[in-house]
1. Counting only residues that are assigned to a helix (DSSP H, G or I) and either within 15 Å of B:ASN213 (Cα to Cα) or β-branched (Val, Ile, Thr) (or both), which one in region B:126-144 is farthest from the other protein chains (Cβ to nearest Cβ)?
2. Checking the structure you have, find out if any residue of region A:98-119 is in a loop (DSSP other than H, G, I, E, B) and modelled with pLDDT under 90.
3. Suppose we filter region A:266-295 for residues that are surrounded by fewer than 14 Cβ atoms within 10 Å (Cβ to Cβ) and assigned to a helix (DSSP H, G or I); how many remain?
4. Looking only at residues that are more than 8 Å from chain B (Cβ to nearest Cβ) and touching a residue at least 12 places away in the same chain (Cβ under 8 Å) in region A:148-161, which one is farthest from B:PHE27 (Cα to Cα)?
5. Taking the condition of being touching a residue at least 40 places away in the same chain (Cβ under 8 Å) and facing another protein chain (nearest Cβ under 7 Å), how many residues in region A:129-140 meet it?
6. Within region B:29-79, track down each residue that is within 30 Å of B:LEU143 (Cα to Cα) and either assigned to a loop (DSSP other than H, G, I, E, B) or touching an Asp or Glu at 6+ places or on another chain (Cβ under 8 Å) (or both).
7. Check whether at least one residue in region B:138-148 is assigned by TED's automatic domain parsing to the domain that holds B:LEU111, surrounded by 15 or more Cβ atoms within 10 Å (Cβ to Cβ) and of a type in the set (S, T, N, Q), and report yes or no.
8. Against the definition (loosely packed, with under 13 Cβ neighbours inside 10 Å, facing chain A (nearest Cβ under 9 Å) and either of a type outside the set (Asp, Glu) or outside any helix (DSSP H, G or I) (or both)), how does B:ILE16 come out, yes or no?
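The values are calculated or read from the model by the stated rules, or taken from the named source; none is laboratory data. Predicted model only: the values in this text are computed from it and were never measured. Positions of Cβ are generated from backbone atoms using ideal geometry, with glycine treated the same way; all protein chains shown enter the neighbour counts.
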Amino acid sequence: MPNNKFRKKKNNVQLKNRGGNLHDSSKTAVILLAPGLIIMSFVILYPLLRAFILSFYNRELTKPNQNSFVLFENFQRLLHDDTFWTTVKNTFTFTLTTVFISVIIALVIAIALDQLPKKFSGLRGLILIPWVIPGIVVGFLFLYMFDYDVGIINFFLQRLGVIEEYVPWLMDGNLAMIAIIVAHVWNQIPFHTLMIAAGLKTVPRDLQEAAFAEGANRWQEFWHVTLPNIKGILVISSLLMLIRNFNNFPIIFTMTGGGPGESTLTSVLHIYKLAFEKFQLSYASAVGMIWVVVLLVMSIVYIRLLQKEY
Amino acid sequence: MIKRKHSSLWYSAMAIIVILTLLWTLFPIYWMLVTSLKRDMDVFDAIPTLWPEGLNIQSYIELINGENPIYGYFINSVITSLGTVVIAIIVATLAGYALSRLRFRFRKSILMSVLVTQMFPLVVLLIPIYLLFVQTNLLNTYLGLILGFTSFTIPFGIWMIKGFVDSIPIEIEEAAMIDGCSRFQIMKKIVIPLIVPGIVTTGIFAFMDAWNNLLFPLTLINDVGMKTLPPGMILSFAGQFKHDWSGMMAASTIVCIPVVMVFIFLQRYLVEGLTGGSVKG
């Protein structure tokens, strides 16, 4: 953003000014930060450390007397656990496909909206609605619409001649994956549309005019002027949603519960089921640690990009 | 000024995209409302009617008087969501200000951890939180659930408030300091009034996260009387042999009401939070 350079300069000035009373600063900081740090150490820091420690034990809720140090046993078990590798495949398939499709559709929508006359700008608000709908409602809604018997999707597809017979969406592994991706895409398109729309506003008008004056067609203009200008926003919002999708729980939980079989079991559902349905707290923590590392790496990439871009 | 002239074909294509987008966006919501106003058996018609035949509010009445009243869940959701909002706003405002304006040791590392924790798989934290809550008797309590919700909303809020404080010119505070105001007077009289939009945005996001959260109440609450709406709805409507679609859609409509209200009245803040908070960094 343009005011960021300005902001950075400000911070430098501020540093110099504060040089004299740094001590006062830290005392005030402790007071102001204390409530936040206390709560965060209670619900984030301590749990994280304890989950880390748990992953080296063999704690199970159903066996209260069993709690011994097993070093890497959980991690060795994990390497040979087919379910774990299935969830790795599912998680990446689900997150990458969802984000990719959402971004492409959002790009088309954002460009179309950008062309609209001003008086239709209210439509922009309407398009945001799916994003505020609670996950559990999105899940129930698509569970209903993808239902074999009463689902409106089978009805429409048959009427349009796309399918001859009704399709058991949520009872077939691959179709169920498609169904949950569709639900998430519906939910997430507004986010990307909004981000891209904001990005389109920053494309310099004179560059577009120059491209036109030099005889570029619309596609060339998009490819050489628009896209390079919104590339940063595309990458950052995609990565952010990729990370968020690793943690998405309610829609999948209500639509398929990870099924049929393990075909839509993603990392979050896997950890949840291990810990709270099978009560294998230590093994669940070990699986969780792997995903913490994966997300940590992605977050660092994300933060680096943010700092480069802005 | 040279401008590309658009053919009518181009405009028609754009118009078609916008219409398709609206259909795709709004139809599911329309369908939820229509189904909630149908009678149970009408849902099973081989050829579904795409509009409600009269307003049948039977499903809504059953939500109040039927087997699974959602009234209690609703109250629990309101209490825990508002509790989360209050804690998140207070804690995030204090910490966000400190991280924006003060210089102290570990500032950078605290900032980084605040940012990174927003991206953690929270389900991993939930296992130790569950054990901790068993030990401290916080299972099945409002306080426990609210604390659980803050594991996401506090880091998010701190980052949001910090961004807003960053954008206030420091000169205003420096002038006040020269006039002899203390740090806390500056916060109260100058900074807080200027970052009201940031505080509202933080509050909205905290509310929506708590209101929509399924994972935490599903694990931290097992007493039916303490359940919030999302796990309550799972209890009432999910399961292989339950097919009360109309009731399910009526309950879904009720769950949507508060967030849609926020959407209608506070859209500006919502957009600010969405584009600003997540990306400004």
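1. Initial filter on region B:126-144 (assigned to a helix (DSSP H, G or I)): B:126-135, B:142-144.
Checking the rest, the ones that are also either within 15 Å of B:ASN213 (Cα to Cα) or β-branched (Val, Ile, Thr) (or both) come to B:126-127, B:129, B:134, B:142, B:144.
Numbers: B:LEU126: 7, B:ILE127: 5, B:ILE129: 5, B:VAL134: 10, B:TYR142: 15, B:GLY144: 10 Å.
The selected residue is B:TYR142.
2. Pass one, region A:98-119, residues in a loop (DSSP other than H, G, I, E, B): A:116-117.
Still in the list and also modelled with pLDDT under 90: A:116-117.
For region A:98-119, residues in a loop (DSSP other than H, G, I, E, B) and modelled with pLDDT under 90: present.
3. Count: 1.
4. So in region A:148-161, the residues more than 8 Å from chain B (Cβ to nearest Cβ) come out as A:148, A:151, A:153-154, A:156-161.
Still in the list and also touching a residue at least 12 places away in the same chain (Cβ under 8 Å): A:148, A:151, A:153-154.
Numbers: A:TYR148: 19, A:GLY151: 13, A:ILE153: 11, A:ASN154: 15 Å.
In this case the residue turns out to be A:TYR148.
5. Taking region A:129-140 first, the residues touching a residue at least 40 places away in the same chain (Cβ under 8 Å) are A:129-131, A:133-136, A:138-140.
Among the residues that remain, those that are also facing another protein chain (nearest Cβ under 7 Å) are: A:129-130, A:133-136, A:140.
Counting residues in region A:129-140 that are touching a residue at least 40 places away in the same chain (Cβ under 8 Å) and facing another protein chain (nearest Cβ under 7 Å) gives 7.
6. Of everything in region B:29-79, those that are within 30 Å of B:LEU143 (Cα to Cα) and either assigned to a loop (DSSP other than H, G, I, E, B) or touching an Asp or Glu at 6+ places or on another chain (Cβ under 8 Å) (or both) turn out to be B:GLY66, B:GLU67, B:ASN68, B:PRO69, B:ILE70.
7. We begin by selecting, within region B:138-148, every residue assigned by TED's automatic domain parsing to the domain that holds B:LEU111; these are B:138-148.
Filter once more, keeping what is surrounded by 15 or more Cβ atoms within 10 Å (Cβ to Cβ): B:138-142, B:144-148.
With the extra rule that they be of a type in the set (S, T, N, Q), the set shrinks to B:140-141.
Checking region B:138-148: at least one residue is assigned by TED's automatic domain parsing to the domain that holds B:LEU111, surrounded by 15 or more Cβ atoms within 10 Å (Cβ to Cβ) and of a type in the set (S, T, N, Q).
8. On the way: loosely packed, with under 13 Cβ neighbours inside 10 Å: yes; facing chain A (nearest Cβ under 9 Å): yes; either of a type outside the set (Asp, Glu) or outside any helix (DSSP H, G or I) (or both): yes.
Answer is yes for this residue.
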